[in-house]
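Everything below concerns the one structure shown next.
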Amino acid sequence: ATKVGEKTGSLSLNGMVGGLFAKDGSVNMDAASIDVDLQASALAIPSAGVPLEIESLSLKITSAKFADAVRVAGSTTIQLPTGESANSTISLDATNPMDAAKRSLAGSISLVNLPTSALAPYLPDPLNAARDLGSSLNAKITLEGRTGSAEISSQKFSITAAGGLAEDGNLVTIDRLAVSAQIDPALLPPTLGVSAPVAVSIQGSAISLP
């Protein structure tokens, strides 16, 4: 059993891995079959900042043959001491995960309504979580084979990007990048005499990342 404060929860891990060892005793991950199921509730997350609790967690990993395909699906709810909570889901299908040249991913990862107060202890001065980021964040990554898109947004800013993997699988190319934000006057030099938020927009394309 697990416990956070007076709340009692649970943690269970059930699974099976077959074909992991070859006849000579060596590990053969490529041929392994996997069926793992993780369930948890009332689980504390170690944090130097705001204490976080996993209110509920469900994660399942399955594969008939690891070298061919792996599926990961799950969801979790994270709660702050203030009672605020965020939800996250993952649904991914990986094809040829061990081969960089052929590897592909399809599915999505999302984070909904993450309170920015959870990030406040990690922000450098003079950033203020509520003022500069808004009250909550939403993020989503969508993957379609060897291409994908990402978006993160709040009441104060948004970032969107789309791109993919190069043929060798070792280089990420960003085909489109868009950033927009409202910059609070407190972040600008007083000599500018700015008294209202300043709208900033940045556009980019054809960016390569190793």
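The values are calculated or read from the model by the stated rules, or taken from the named source; none is laboratory data. This is a predicted model, so every value here is computed, not measured. Counting neighbours? That spans all protein chains shown, and the Cβs are built from the backbone with ideal geometry, glycine included. Please note that ligands, DNA and RNA were not included when accessible areas were found on the heavy atoms of the full protein model with its side chains. Shrake-Rupley method; radii C 1.70, N 1.55, O 1.52, S 1.80 Å.
Things worth noting here:
- Estimated distance in nm for a label pair at residue 147 and residue 39, the labels positioned 7 Å out from Cα along Cα-to-Cβ: 4.0
- Mean-position separation - Cα centroids, region 6-76 and region 100-168, in angstrom: 23
- Straightening the chain between residue 207 and residue 87 buys 40.1 nm, computed as 0.36 nm per residue apart minus the Cα-Cα spacing.
- Shown is the FRET efficiency for residue 120 and residue 180, computed with R0 = 25 Å from the Cβ-Cβ distance and rounded to the nearest 0.05: 0.65.
- Accessible area of region 20-80 belonging to carbon and sulfur atoms, whole % at 1.4 Å probe: 62
- Here residue 156 is the anchor, and the lysines within straight C-alpha reach of less than 22 Å, apart from those fewer than 8 places off in the same chain, are 140.
- Model label sites at residue 188 and residue 31, defined 7 Å from Cα along the beta-carbon direction, differ in position by 6.6 nm.
- Contact order normalised by residue count of the chain, Cα under 8 Å, 6+ apart, percent: 11
- Lysines with Cα under 19 Å of residue 102, excluding same-chain neighbours fewer than 8 positions away: 65
- Residue-normalised accessible area of the chain, expressed per residue, 1.4 Å probe, Å²: 59
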